[in-house]
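Peer 1: The structure under discussion is supplied below as structure tokens; questions concerning it will follow.
The values are calculated or read from the model by the stated rules, or taken from the named source; none is laboratory data. Nothing here was measured: the structure is a model prediction, and the numbers come from that model. Ideal geometry is used to build each Cβ from the backbone, glycine not excepted, and the neighbour counts take in all protein chains shown. Just the protein is used for accessible areas: all its heavy atoms, side chains included, with ligands, DNA and RNA removed. Shrake-Rupley method; radii C 1.70, N 1.55, O 1.52, S 1.80 Å.
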Amino acid sequence: MTTRNGDRLDHAAACLDPLAALRTPADPDCDVYLTGNVFLDIIFTGLDSAPVRGTESWARGMGSSPGGVANMATALARLGLRTSLAAAFGDDHYGEYCWDALEQGEGIDLSLSRTVPGWHSPVTVSMAYEGERTMVSHGHEAPPPEPAPDCPPPARAAVASLAPGRAEWIAQAARKGTRVFADVGWDDTGRWDPADLADLEHCEAFLPNAEEAMRYTRTDCPRAAARALTERVPLAVVTLGAEGAYAVDGATGESAQVPAIAVEALDPTGAGDVFVAGFVTGTLAGWPLADRLAFAGLTAALSVQEFGGSLSAPGWSEVATWWQHVQGVADQDPAALRRYAFLEALLPAPTRPWPLRRAVPTIGFGRSA
């Protein structure tokens with residue numbers, strides 16, 4: 001299979017089904033449902049510093065890929081979950097490219113998505129430097145919602161991004177038995193109103209970063225924030241940056257913390273989405289809490305070593321290659337290695353050498369022959 005950006009993908013070879021042992025004929029066709037805005041992301045990397053007013057900066061790397069909710073959808077699909085995305089796409093070349101990259105390139109179900117005539121695709125330019133990023137976005141007013149006949153569809157899980165006001169589809173999904181995982185964006189208003197988290201009553205898990213968690217709970221410690229959040233949602237997972245992630249299960253009282261994997265970050269675009277996708281995968285597969293945290297952190301760490309936003313999300317072949325490589329690293333901490341030993345029984349044989357090299361994602365090349 002070939003996408004318009006020239007990348008060849010073999011889903012059968014690259015994808016392992018983490019839910020194979022759990023599937024029954026009565027299961028819904030969809031593993032994970034998402035809805036949201038798709039952007040065209042243009043990512044510049046290799047900048048020595050932030051752009052300086054009145055000067056021209058040259059980036060050593062550049063990529064383009066579907067962004068926004070597409071980051072999450074791609075990360076889920078590459079981990080073998082049957083992913084359905086409901087989104088509006090512009091009828092420009094950017095929208096066509098994003099649709100093709102997601103449907104043909106990643107195998108994502110877009111039957112609930114639509115193309116909006118005359119609507120321009122929103123665009124984000126992301127500049128990565130010193131382990132951080134600066135973004136500039138442009139977009140026209142979003143088209144009015146147009147509900148699909150069966151939206152949200154029956155699904156094992158859904159991922160929702162919470163925002164002020166109720167999202168009716170979250171409650172609808174929960175009533176259908178869908179397990180809803182929620183994240184949240186930065187509150188530009190500075191209010192951090194806990195009322196904006198009202199939809200957590202329909203969710204199974206909430207996965208904010210430390211700053212978001214502390215601001216919403218009015219606490220000064222990420223662990224205290226996680227515990228406070230379990231008053232609103234059964235499972236609170238707080239990402240701690242270089243310290244990893246911490247989770248509390250309010251139903252059982254279980255807690256777990258897993259340190260982050262130290263990597264050289266090239267582009268952090270979409271890393272949070274990859275973390276959520278890894279955690280959802282482990283949860284649906286029934287893994288222990290600490291294993292889910294470790295796997296989520298690993299997938300996020302692998303993603304930041306490549307640029308390209310959604311197209312840097314790892315699949316099982318990348319995880320297998322990392323696992324084979326890390327076991328042969330001299331002076332490896334045995335305790336740290338044992339943290340990921342659960343992967344041994346899951347992973348396919350690695351088929352790619354380390355360090356990984358992916359095709360450069362770009363909208364600039366046409367379909368290859």
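Peer 1: Report whether or not Ser317 is open to solvent by 10 Å² or more (accessible area, probe 1.4 Å) and of a type in the set (Ser, Thr, Tyr).
Peer 2: Yes.
Peer 1: Kindly evaluate Val159 against the criterion of being free of Cβ contacts under 8 Å to residues at least 40 places away in the same chain, closer than 24 Å to Leu110 by Cβ and either open to solvent by less than 40 Å² (accessible area, probe 1.4 Å) or not in a loop (DSSP other than H, G, I, E, B) (or both). Lay out the reasoning, then the answer.
Peer 2: On the way: free of Cβ contacts under 8 Å to residues at least 40 places away in the same chain: no; closer than 24 Å to Leu110 by Cβ: yes; either open to solvent by less than 40 Å² (accessible area, probe 1.4 Å) or not in a loop (DSSP other than H, G, I, E, B) (or both): yes.
Against the criterion (free of Cβ contacts under 8 Å to residues at least 40 places away in the same chain, closer than 24 Å to Leu110 by Cβ and either open to solvent by less than 40 Å² (accessible area, probe 1.4 Å) or not in a loop (DSSP other than H, G, I, E, B) (or both)), Val159 does not qualify.
Peer 1: Give me the residue from segment 136-153 that is modelled with pLDDT of 85 or more and exposed (fewer than 15 other Cβ atoms within 10 Å of the Cβ) and, out of that set, farthest from Asn37 (Cα to Cα).
Peer 2: Val136
Peer 1: State all residues of segment 173-198 that are farther than 24 Å from Asn71 by Cβ and either charged (D, E, K, R) or in a helix (DSSP H, G or I) (or both); if no residue qualifies, say none.
Peer 2: Listed by number, the residues that qualify are Arg175, Lys176, Arg191, Asp193, Pro194, Ala195, Ala198.
Peer 1: Among Asp100, Asp91, which is the only one that is of a type in the set (Asp, Glu) and within 30 Å of Leu302 (Cβ to Cβ)?
Peer 2: Asp100
Peer 1: If only one of Ala294, Ala300 is modelled with pLDDT of 95 or more and in a helix (DSSP H, G or I), which one is it?
Peer 2: Ala294
Peer 1: Contact list please: Cβ distance under 7 Å, first residue in segment 324-347 and polar (S, T, N, Q), second residue outside any helix (DSSP H, G or I) and surrounded by 12 or more Cβ atoms within 10 Å (Cβ to Cβ), pairs at least six apart or on different chains.
Peer 2: Listed pairs, sorted by first residue: Gln324/Pro350.
Peer 1: Turning to a different aspect of this structure: Go through segment 323-347 and give me each residue that's touching a helix residue (DSSP H, G or I) at 6+ places or on another chain (Cβ under 6 Å) and not in a loop (DSSP other than H, G, I, E, B).
Peer 2: Trp323, Phe342, Leu343
Peer 1: Ok, one more. Filter segment 166-215 down to residues that are β-branched (Val, Ile, Thr) and within 17 Å of the chain's Cα centre (by Cα) and give me whichever is modelled with the lowest pLDDT.
Peer 2: Selected residue: Val184.
Peer 1: Here is a follow-up. If the Cβ limit is 9 Å and pairs must be 6+ apart or interchain, which residue in segment 98-111 that is free of Cβ contacts under 8 Å to residues at least 24 places away in the same chain and open to solvent by 50 Å² or more (accessible area, probe 1.4 Å) pairs with which residue that is assigned to a loop (DSSP other than H, G, I, E, B) and hydrophobic (A, V, I, L, M, F, W, C)?
Peer 2: Trp99/Leu110; Glu103/Leu110
Peer 1: Taking interchain pairs and intrachain pairs at least six residues apart, which have beta carbon atoms under 7 angstrom, with the first residue in segment 221-249 and over 18 Å from Ala290 (Cα atoms) and the second assigned to a strand (DSSP E or B)?
Peer 2: Cβ pairs passing all conditions: Ala225/Val238; Leu229/Phe206; Leu229/Ala236; Val233/Ala205; Val233/Phe206.
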